Amino acid sequence: MFDTLTPPEADKILKLMAMFAADERPEKVDLGVGVYRTPDGRTPVMKAVKQAEERIWQSQESKSYVGLAGDPGFHHAMGDLILGDTADPTRVAAIATPGGTGAVRQIMELMRNTSPDATLWISDPSWPNHMAIAQYLRLNVRRYRYYDVETGGLDRDGMMADLASIQRGDLVLFHGCCHNPSGAELTAQDWRDLGALLDRTGAIPFIDIAYQGFGEGLDEDAEGTRILAQMLPEVLIAASCSKNFGLYRDRAGVAFALASGEEAKGKAQAALASLNRQNYSFPPDHGARVVDTILHDPELAATWWTELTAMREGMLATRAALTQALQAETGSDRFGFLASHRGMFSLIGATPDQVETLRNDHAIYVVGDGRMNVAGLTPASIPKVAKALAQVLT
């Protein structure tokens, strides 16, 4: 059987990680892999997480399965964090998933099972796994314009023009905040206008919110999701705890389906739980239990919020420092858009050849489409990176 296998194309980011690890140059800079790092290059375990894990270790008396949908306390905690008081709980179906990717996959599976002829609209650009999962499931997919390469901001006119042709029952995938890979954000008015368009056409929003708290703040980053939850009868949400709780390897995620009412919510809940059963049966619980413990304890929640704030403010300061260094190197505002982006990522406008030059000549690693992980920068590396970008991209 295995002799006939055709090896799949290597994941570009994983390939880049391997190349970086094999590079023996001491001055190398990793701006590719999508994890948060401190200025000294670590991806730390948050203090609130450590404290929650200790409480769980001391009090947990069983490792037996939880329900197919996962622990309701985790659902409620994440629902409150993302939706606030904008959605009646009788509308909200939820399942725990292995990370945000698991939530994305389950929602796409739900779409395939319930609306096989519908189209999934994905922003151009988007996180590569959005398209990879959709194609693997053989969904009907179309792209809509999102990023303006010339300005480094949102291509609002292109987005609205493309989405004008969405049909009833189509799903439109949005990044809830901190767009990956572009860093360009939607405004509250953009979200309201999109909500009006979806309401008029009968299409359904599918929001992937993987970086809540990394942009402007917890409530601010959830504003767009909450606007659509208030405006529309049906909303699908995939959420991750990998970034804002630092639970990368513990794979804590959740999928929400906001339905038009309690009866429809019950049907959605049953469908989602069935998907869990057919895929991985019971979802992992440790990471979810940590999040639940933190969010339901005021002291731990305050510690976590303080840590998350420091991470966010550190990334904003790094963006400002890089922008200033690039301005000094180029004598222009050519890269001024970087300061307005939010989250871990930005597109720097590099061609594949320029990305290769940055890697070969300057030991700077970015993804092939020019996506840069701002969280990979340090005060020591910013001058080097700014000088290299100025030389290669201008």
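Rule-based calculations on the coordinates, nothing more; no lab input. The structure presented is a predicted model; accordingly, all values stated were derived computationally and were not measured. Cβ sites come from the backbone with ideal geometry, for glycine too, and all protein chains shown count toward neighbours.
Segment E299..L137, full-extension length gain: 54.0 nm, with 0.36 nm per residue of separation and the alpha-carbon distance subtracted. For the peptides 255-264, 4-13, residues were scored by their other Cβ atoms within 10 Å and the scores averaged per peptide; the highest-first order is 255-264, 4-13. What's the local net charge at L154, with K and R +1, D and E -1, over the other residues with C-beta under 9 Å away? Summing Lys/Arg as +1 and Asp/Glu as -1 gives -3. Taking label positions 7 Å along the Cα-Cβ direction at both S332 and Q189, the computed distance is 2.9 nm, reported to one decimal. Between M19 and D85, the FRET efficiency estimated from the beta carbon spacing at R0 = 56 angstrom works out to 0.75.
What percent do you get for the relative contact order of region 65-296 when only Cα pairs under 8 Å and 6+ apart count?
Details: 451 pairs, mean separation 74.7, N = 232.
Once divided by the residue count of region 65-296, the mean separation gives 32 percent.
Among the listed pairs K12/K267; K243/K267; K15/K243; K12/K384; K12/K63; K50/K387, those with a Cα-Cα distance over 29 Å are K12/K267; K243/K267; K12/K63; K50/K387. The Cα center of region 306-352 and the Cα center of region 51-78 differ in position by 38 Å.
Sort V49, V392, V254 by Cβ crowding within 10 Å, fewest neighbours at the top.
V392, V49, V254
Remark: the E54-K387 segment gains 115.4 nm on full extension, using 0.36 nm per residue and subtracting the alpha carbon distance. Relative to the current alpha-carbon distance between Y65 and A310, full extension at 0.36 nm per residue lengthens the span by 84.6 nm.
Starting from the Cα gyration tensor of region 175-221, take the square roots of the eigenvalues, sort them a ≥ b ≥ c, and report rounded, prolate or oblate (rounded when a/c is under 1.5, otherwise prolate if a/b is larger than b/c, else oblate). Prolate. The helix-based estimate of mean residue ellipticity at 222 nm for the chain, built from -39,500 (n - 2.57) per DSSP H run of four or more residues and divided by its residue count, is -14500 deg cm²/dmol to the nearest 500.
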